Structures are given as structure tokens and as C-alpha cells.
Amino acid sequence: MISNDSISLYGHIPFCRTLCSYCAFNTYAGMDDIIPEFVNAFIQELTYPALNHPPIPVHTIFFGGGTPSLLTPEQYQQIFAAVRQYYAVAPDAEISLEANPNDLSLEYLAGLHAAGFNRLSIGMQSAIEQELQLYQRRHDSAMVATAVTMAKAAGFQNISLDLIYGTPYQTLSDWETTLDAAIAYQPQHISLYGLELKGGTPLTKDVKMGKLPQPDDDLAANMYDMATEKLAQAGFEQYEISNWCLPGFEAQHNLQYWHNLPYLGFGPGAHGYAGGFRTIVMRLPQRYIAALQNEHEKQMLFPRTPSLSKITRVTREAEIAETIMMGLRLTKEGIQRTAFQTRFEVDMLELHRPTIEKFVNYGLLEVTPNLIRLTQAGRLVSNAVIREMI
């Protein structure tokens with residue numbers, strides 16, 4: 001069964017994958033030649049959960065992952081036509097695309113807007129050229145300014161910018177320059193990501209080998225505090241640990257994740273959560289296309305498709321832990337106690353009373369009759385708090 005609420009669709013375009021923390025790229029050679037086949041396979045994939053199932057309402061569609069801007073507006077029109085054929089898409093659905101500044105042109109953005117996209121997330125990352133070089137980005141600050149200007153001219157009225165802080169050599173002054181630049185572009189939404197060193201990226205290796213300094217956690221905390229203050233002064237409201245928006249511009253797709261509600265994931269490497277299962281689509285584009293080109297029985301149990309590499313049933317205990325982990329990231333609404341009790345037939349406070357009371361006494365959690373949420377101080381150590389709660 002799926003929730004009675006609307007669900008989200010997530011499309012993952014893998015042809016140029018960001019490996020870790022926006023630090024390195026792995027371009028699949030020769031992928032341009034198979035994009036038409038990929039589009040056909042993608043459309044084939046999204047039909048499976050919809051067939052043999054009551055109409056599924058959809059309120060957000062999000063294309064992200066590697067480089068979604070490799071697809072043409074006409075190809076997106078083709079995909080959206082199929083989505084609307086098989087799903088009950090809300091008239092006011094939020095339809096988002098992730099993009100790098102250097103991949104955009106006015107003609108392309110106008111085409112995307114005409115195809116149905118109404119939200120654009122641009123990977124700005126920094127206003128400091130040396131930092132962009134460190135992340136191995138292919139754009140500079142001028143490209144970001146041009147991309148935002150073109151997006152507005154193309155009709156986009158909901159633009160988000162992604163920024164990174166806590167990186168090697170980054171100073172508080174550098175971070176202030178980046179924040180000021182982002183605010184000056186007048187987006188409706190800003191996401192801030194603390195650098196995570198993991199995986200085998202060149203940046204991670206250089207830090208481990210001592211070629212680059214370790215990020216300074218105290219300095220990163222100061223950067224976070226600065227962002228909280230400056231964004232509030234600019235009229236942005238913080239609604240999640242890493243996300244700020246102008247009033248009414250919360251990312252509806254991401255709220256689906258933070259509420260731990262169902263979403264279907266399509267495309268190589270995409271993750272999904274629906275029908276009580278977590279799903280992972282096979283990662284290699286060629287295998288993905290081959291799996292969906294073969295003839296298959298359409299009678300597959302929801303949310304299965306021929307392209308899945310893994311499907312795992314979510315236990316009640318895991319669902320509770322995931323709901324707590326995601327919900328505590330919501331800085332305004334936190335975890336709504338009535339909704340939690342309705343969903344799991346237990347009050348969250350009764351479930352974790354000793355731990356919650358400890359963090360309340362530390363000034364890290366706030367508890368009211370309606371909600372449980374992190375305090376401002378708790379947001380800085382959110383991982384430690386959440387770890388004890390799950």
C-alpha cells in the first residue's frame with residue numbers, strides 16, 4: 001500500500017555523476033549516443049509502478065543526480081507526457097531541475113520552462129574562484145550571475161542556489177563574500193552544505209595525505225552561525241537544518257523526504273521509498289537500458305520494476321527511526337507529535353523519554369504539547385542528538 005497523500009517522483013540522470021561533496025566528476029564516455037535510448041527506457045520504467053495500481057497522485061517531480069541538463073526540452077516534454085498519462089499529477093505540482101551554471105543558456109532555460117519545469121536548483125557552490133577550482137567545478141562566478149539572470153528572463157520564479165562551507169583554506173571572510181553574492185542574486189531558496197570528506201575523491205585523498213588542511217569544525221560552526229544571521233536579515237526563513245527560503249518557497253520535494261513520505265525513484269542509481277519498500281535502481285546506464293528494453297511481464301508487484309538492483313522491506317522500527325532522523329532536521333515544525341502518534345500509535349516522547357529529557361536539559365531539544373524539535377544550539381550538534389534518538 002502507498003500513502004493516501006500525494007507522492008513524489010525523482011528522476012536520476014547519471015551521465016555525469018558528482019562523486020562526493022561536489023568535488024570530482026566522472027563523465028561516462030560516449031553517453032550522448034545513448035541518451036535517446038535512455039529516455040525510452042526511463043519512460044518504460046516509470047510505467048511499471050503505475051500499471052495495475054489505482055491512480056497515484058503526484059505533487060512533486062524532481063530531476064537531479066549527475067547532469068539532468070543533458071536532456072533536451074523536447075525529451076523532457078516526452079517524459080512529462082508519459083508521467084501525466086500514467087500518474088495523477090497535481091495542477092500546481094512543483095517540477096524541479098538541478099543544473100550546473102555552465103550548462104545553461106537562455107534558449108535552453110526557456111525550453112525547460114515551456115516543457116513544464118517551474119523550479120530550478122543551480123549549483124553555485126562558491127563566489128571564490130580558488131574554491132571553485134578546489135571543487136573542480138567548470139564554472140566561475142560570472143557564469144552563476146548569468147545563469148540566474150537568464151533563468152529569471154526565461155520565466156523561472158522559484159530559483160534555488162547551493163553553497164558549500166567548511167572547506168580547506170576557506171576563511172570566514174571568504175564565506176561572507178559567497179553569502180553576500182548569493183543573496184544579491186535574489187533567489188527564492190538557498191541550501192548550505194558543510195563539506196563531507198568521504199569516498200575516493202581527489203579532495204578527500206589530498207586531505208588524508210596532508211596535501212590539504214583538515215577542515216576546521218569550529219570555523220565551520222562560525223560559518224553556519226554567520227549564514228543563519230545574514231540570511232535572516234535578508235528575509236530568508238530557515239525551515240530545515242541546511243535550507244532557507246523566502247516565505248512560501250520551501251522545497252516541497254525535499255519536504256517529502258524530511259517527512260519520510262513515499263517517493264518513486266527512476267533512472268540509474270535512483271533511490272525510492274514506496275509501498276513499505278526502499279528501492280535502488282541499477283547504476284550502470286547500459287545495463288539499465290538493456291533491462292528495460294527486454295520484454296517483461298507488466299504484472300509486477302508495486303513498486304517493483306525490471307531495473308531494480310535492490311528492494312528492501314522497511315520494518316516498523318526502521319520507519320520510526322528514519323522518521324525521527326529526518327523530522328528532527330525540520331527546524332520550524334520539527335516532529336509533529338500528533339502526526340507521529342497517528343502514524344505509529346505511540347507518542348515519541350514516551351518512546352524516548354530519558355534521551356529527550358536529557359537533551360532538553362542540555363538546551364538542545366525543545367518539547368511542546370505539539371512538537372519536538374532541535375533548538376538553535378541543537379542544530380550545531382544535530383548528528384549527535386539524532387544518533388542517540390535512533
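Structure notes:
- Within the set Leu195, Leu219, the sole residue that is in the same structural domain as Ser173 (by TED's automatic domain parsing) and closer than 22 Å to Ile122 by Cα turns out to be Leu195.
- The residue list Arg287, Arg283 contains one member that is among the charged types (D, E, K, R) and in contact (Cβ under 8 Å) with a residue 24 or more places away in the chain, which is Arg283.
- If the condition is being surrounded by 14 or more Cβ atoms within 10 Å (Cβ to Cβ), out of contact with any Lys or Arg (no Cβ under 9 Å at 6 or more places or on another chain) and without any contact (Cβ under 8 Å) to a residue 40 or more places away in the chain, then the range 201-224 contributes Asp206, Val207.
- Filtered residues of the range 343-357 (kept if more than 26 Å from Asn243 (Cβ to Cβ) and loosely packed, with under 15 Cβ neighbours inside 10 Å): Glu345, Val346, Asp347, Glu350, Arg353, Pro354, Glu357
- Any pair with Cβ under 9 angstrom, 6 or more apart, that starts in the range 103-114 at a residue that is within 14 Å of Leu70 (Cα to Cα) and ends at one that is β-branched (Val, Ile, Thr) and part of a helix (DSSP H, G or I): Leu104/Thr146
Conditions (1) under 23 Å from Pro68 (Cβ atoms); (2) part of a loop (DSSP other than H, G, I, E, B); (3) polar (S, T, N, Q); (4) assigned by TED's automatic domain parsing to the domain that holds Gly11, marked per residue:
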| position | (1), (2), (3), (4) |
| --- | --- |
| Gly265 | yes, no, no, no |
| Pro268 | yes, yes, no, no |
| Gly272 | yes, no, no, no |
| Tyr288 | yes, no, no, no |
| Leu292 | yes, no, no, no |
| Gln299 | no, yes, yes, no |
| Ile324 | no, no, no, no |
| Phe340 | no, no, no, no |
| Pro354 | no, no, no, no |
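- Enumeration of residues in the range 306-336 that are acidic (Asp, Glu) and within 18 Å of Arg379 (Cβ to Cβ): Glu333
- Inter-residue pairs, beta-carbon under 8 Å, first assigned by TED's automatic domain parsing to the domain that holds Glu196 and in the range 131-147, second of a type in the set (D, E, K, R), 6+ apart: Glu131/Asp174; Leu132/Asp140; Asp140/Glu129; Ser141/Glu129
- Filter pass, Glu317 being surrounded by fewer than 17 Cβ atoms within 10 Å (Cβ to Cβ), farther than 20 Å from Glu388 by Cβ and among the acidic types (Asp, Glu): no
- Any hit, the range 150-157, residues being in contact with a Ser or Thr (Cβ under 6 Å, 6 or more places away or on another chain) and either farther than 27 Å from Arg329 by Cβ or in a helix (DSSP H, G or I) (or both): no
- Top-ranked residue in the range 134-164 [being at pLDDT below 95 and hydroxyl-bearing (Ser, Thr, Tyr); ranked as farthest from Asp216 (Cα to Cα)]: Ser141
- Neighbours by Cβ (under 8 Å, 6+ apart or cross-chain): first from the range 363-378, touching a residue at least 40 places away in the same chain (Cβ under 8 Å); second surrounded by fewer than 20 Cβ atoms within 10 Å (Cβ to Cβ) and among the charged types (D, E, K, R): Ile372/Arg337; Ile372/Glu366; Arg373/Lys332; Arg373/Glu333; Arg373/Glu366; Leu374/Glu366
- The sole residue among Thr305, Thr279 that is crowded, with 20+ Cβ neighbours inside 10 Å, part of a loop (DSSP other than H, G, I, E, B) and of a type outside the set (Lys, Arg) is Thr305.
- Scanning the range 226-244 for residues that are in contact (Cβ under 8 Å) with a residue 60 or more places away in the chain and over 14 Å from the mean Cα position of the chain (by Cα) returns Ala227, Thr228, Glu237, Gln238, Tyr239.
The values are calculated or read from the model by the stated rules, or taken from the named source; none is laboratory data. Predicted model only: the values in this text are computed from it and were never measured. All Cβ positions, glycine included, derive from the backbone under ideal geometry; neighbour counts span all protein chains shown.
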